[in-house]
Amino acid sequence: MSVITLNPPSSRKYRFSGTQAYCFASAALSILIVGTILLTLLVQSGPILLTGNADIIGTKWNPSDGKFGILPMLFGSVFVMSIAVSIAFPVGLMAAVYIAETRSSKLRRVLKSTLEILAGIPSIVYGLIGVTYLNIWIADLFDLQSGRIILTAGILLGIMILPTFLTLTEDAISAVPVKYRENAKSLGLYRHEVFLSIILPKAKSGIAGAGLLALGRALGETMAVMLVIGSLDRLPSPLLNPLSSGQTITSKLGREVTESAFGSPHFSALVFMGLLLVLITIFLTIASRYLFRQKDQHV
Amino acid sequence: MIPSLRYSIFVALAATLAACSAPDAISVSGSSTVLPAVSKAADQYSAETGISVIVNAGGSGGGFNQLAEGQTDIGMMSRDITAGELGKFASLNFQEIAIGRDAVVPSISSEIYDAGVTALTLSQISDIYSGRVDNWSEFGGPDRAIFAIDKEASRGTRQIFMKVVMGDPKAEAAGADLVTGSNNEEQTALTQSDAAIGMLSYAWLNEEVRGLSIILEDGKRIEASLDTIRTGEFPFVRNLNVVTRDDTSQAAQAFIAYLLGPKGQKMVEDAGYIRVSN
């Protein structure tokens, strides 16, 4: 009797293969979903890509004229993302260094949980705050007719990605093993020397990964941006003027996708912008994966 | 979502049953702009006469097609029937009856209005939106850049506005500095600015956002008021129509008469539109 209970190889093997099949199916399903999305985007982008005169690499967008220039939207996305990043990265990095280097576990706990709450606030809430306050402050500050401009969207987005970037950067710095820190200290290095020449190089790839994830979020954000950017399908003039209204790919899709007839060139052009966005996001994800993996190998 | 879906299924079922039981039920279908006024009137009409009126949304085009194909007694349209639509059903005759009016008014920030710009010609407005003029001083206002606010291309308000100003409802506005969506959003942007021009439904004008008068080619100045909208003198007026065929039933005609009567017109006003008769 005891032999049977202790050694049930057949049933165990059976259960394993069942689990295996289930896991395999789940994994296959998620790959299938990603594949389907990409394929759908590609197929639906077809009409606009195959139309010779759609002028897709142009600056004019007017569906009733058959003009589908996506440059203003693409530029808007990149511009807004750059502003957001140039606000969030320095602030986030400094704050992360402060939290990690003061080495107070209580401070770290309180700050980290606050940041996680911030990261979890739905973007529409940020958008409402942007429309109600930020947009008016900015208009007053620069003496503008309207605060619904690229700069407002960039600042709002910077605030939104700050928690994600900060908390991941802090993780990367804290993840550097104590032994490095102690060895460096025992060599008589000052605290800033320990950080700059030992900790930072070790945490570098983790920080870069955090940055790429934050970039991805900035690129994909729709609601908050849509409310404050002004929805103007035109390149700013002069080109790098953040005080003019603009449009990002996401805000364009948010505003127009319900109005375009399925299968029309208009719809196809919108889908093509969606495809571009997915491709950029995929690139960022792969790049951040690569950087995170490098970090694991070093430590 | 689910409760409201259930509710609407229930209403639809109830409506279907009512339609089956009452032989002279009237069905109305079409524009969702016209719908609020008609459905309010329909409720009251049913309560008063016991004749059921079923009102469905489906867009102006959908309403016309259903009427033409005999699937509904009355169509609702927030625009006129197009030549293309008439051509598709050339063998039939249609009547358009305006039950209310909705006006789009070129609106400016109160600061500019108070500084003396109270009326413009259509070509002056066109100059602003096409980017040819970019300073209020050109129109006798203060030396301040014009902040032109456009609306999303799909908005009915924009289509009326651009059709009158630029001659094409889908015209590009190269002079626009900002694009908004709803009347609410447009009104906020106009209020926040002190040198803006935009387009609003008549009901959305207030102390902060003033309606411009329009100077016609013969020099006549038309103010945006209930009177000029009612008479159709104001250029940016659209009719809210009900449409019928020649072979309309007596019951449907009676309901249209009710819409044009005092009670129906009150419902049109309650829905935020302008009555066509006193």
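The values are calculated or read from the model by the stated rules, or taken from the named source; none is laboratory data. No experiment lies behind these values; they were computed from the predicted model shown. Every residue, glycine among them, receives a Cβ derived from its backbone with ideal geometry; neighbour counts consider all protein chains shown.
Take the residues in the range A:220-237 that are in contact with a helix residue (DSSP H, G or I) (Cβ under 9 Å, 6 or more places away or on another chain) and among the polar types (S, T, N, Q); name whichever of them is nearest to the other protein chains (Cβ to nearest Cβ).
The extreme case among them is A:Ser231.
Which residues, counting only those in the range A:231-286, are in contact with a Phe, Trp or Tyr (Cβ under 7 Å, 6 or more places away or on another chain), within 18 Å of A:Thr51 (Cβ to Cβ) and surrounded by 22 or more Cβ atoms within 10 Å (Cβ to Cβ)?
Hit for the range A:231-286 is A:Ala269, nothing else.
Tell me which of these B:Arg79 doesn't satisfy, since it passes every other one: (1) surrounded by fewer than 18 Cβ atoms within 10 Å (Cβ to Cβ); (2) at pLDDT below 85.
(1)
Can we say A:Lys112 is within 14 Å of another protein chain (Cβ to nearest Cβ) and basic (Lys, Arg)?
For A:Lys112, the condition - within 14 Å of another protein chain (Cβ to nearest Cβ) and basic (Lys, Arg) - is not met.
Give the residues of the range A:137-150 that are away from chain B (no Cβ under 11 Å) and surrounded by 23 or more Cβ atoms within 10 Å (Cβ to Cβ), sorted by residue number.
Listed by number, the list holds a single entry, A:Ile150.
Give the range B:139-155 a look and list any residue that's out of contact with any helix residue (DSSP H, G or I) (no Cβ under 8 Å at 6 or more places or on another chain) and over 22 Å from A:Arg148 (Cβ atoms), or say none.
B:Gly140
Go through the range A:37-93 and give me each residue that's within 14 Å of another protein chain (Cβ to nearest Cβ) and of a type in the set (Gly, Ala, Ser).
Within the range A:37-93, A:Gly58, A:Ser64, A:Gly66, A:Gly69, A:Gly76 meet the criteria.
Filter the range B:73-126 down to the residues that are among the β-branched types (Val, Ile, Thr) and in contact with a Leu (Cβ under 9 Å, 6 or more places away or on another chain) and list them by number.
Within the range B:73-126, B:Ile74, B:Ile97, B:Ile99, B:Val104, B:Val105, B:Ile108, B:Val117, B:Thr118, B:Thr121, B:Ile125 qualify.
Say we look at the range B:134-160 and pick out the residues that are of a type outside the set (S, T, N, Q) and without any contact (Cβ under 8 Å) to a residue 24 or more places away in the chain; which of these is surrounded by the most Cβ atoms within 10 Å (Cβ to Cβ)?
For the range B:134-160, the residue satisfying everything is B:Ala153.
Taking the range B:85-102 only, how many residues are assigned to a loop (DSSP other than H, G, I, E, B) and in contact (Cβ under 8 Å) with a residue 24 or more places away in the chain?
Residues that pass the stated criteria total 2.
Does A:Val78 meet the test of being in the same structural domain as A:Val257 (by TED's automatic domain parsing) and surrounded by 13 or more Cβ atoms within 10 Å (Cβ to Cβ)?
Yes; evaluated as a whole, the condition is true for this residue.
Return the residue satisfying two criteria in turn: it lies in the range B:251-278 and is part of a loop (DSSP other than H, G, I, E, B) and on the phi < 0 side of the Ramachandran plot, and of such residues it is modelled with the lowest pLDDT.
Ranking the qualifying residues of the range B:251-278, first place goes to B:Asn278.
Of all residues in the range A:204-243, which are within 30 Å of A:Pro177 (Cβ to Cβ) and basic (Lys, Arg)?
Within the range A:204-243, A:Lys204, A:Arg217 qualify.
Against the conditions (1) modelled with pLDDT under 90; (2) assigned to a helix (DSSP H, G or I), where does A:Ile56 fall short? Just the number, please.
(2)
Every residue in the range A:256-265 that is within 10 Å of A:Ser45 (Cα to Cα) and in a helix (DSSP H, G or I), please.
A:Pro265
Which residues, counting only those in the range A:238-249, are in contact with a Leu (Cβ under 7 Å, 6 or more places away or on another chain) and more than 13 Å from chain B (Cβ to nearest Cβ)?
A:Pro242, A:Ile249
Going through A:Arg217, A:Arg255, A:Arg181, A:Arg191 one at a time, which residue ends up being away from chain B (no Cβ under 14 Å) and within 28 Å of B:Leu178 (Cα to Cα)?
A:Arg217
Quick one: what pairs do we get from the range B:190-218, first residue in contact (Cβ under 8 Å) with a residue 40 or more places away in the chain and away from every other protein chain (no Cβ under 14 Å), second in a loop (DSSP other than H, G, I, E, B) and surrounded by fewer than 22 Cβ atoms within 10 Å (Cβ to Cβ), C-beta under 7 Å, 6+ apart or different chains?
Here the result reads B:Ala203/B:Gly272; B:Gly211/B:Leu205; B:Leu212/B:Thr118; B:Ser213/B:Thr118; B:Ser213/B:Glu223; B:Ile214/B:Pro235, each pair linking the range B:190-218 to a residue that is in a loop (DSSP other than H, G, I, E, B) and surrounded by fewer than 22 Cβ atoms within 10 Å (Cβ to Cβ).
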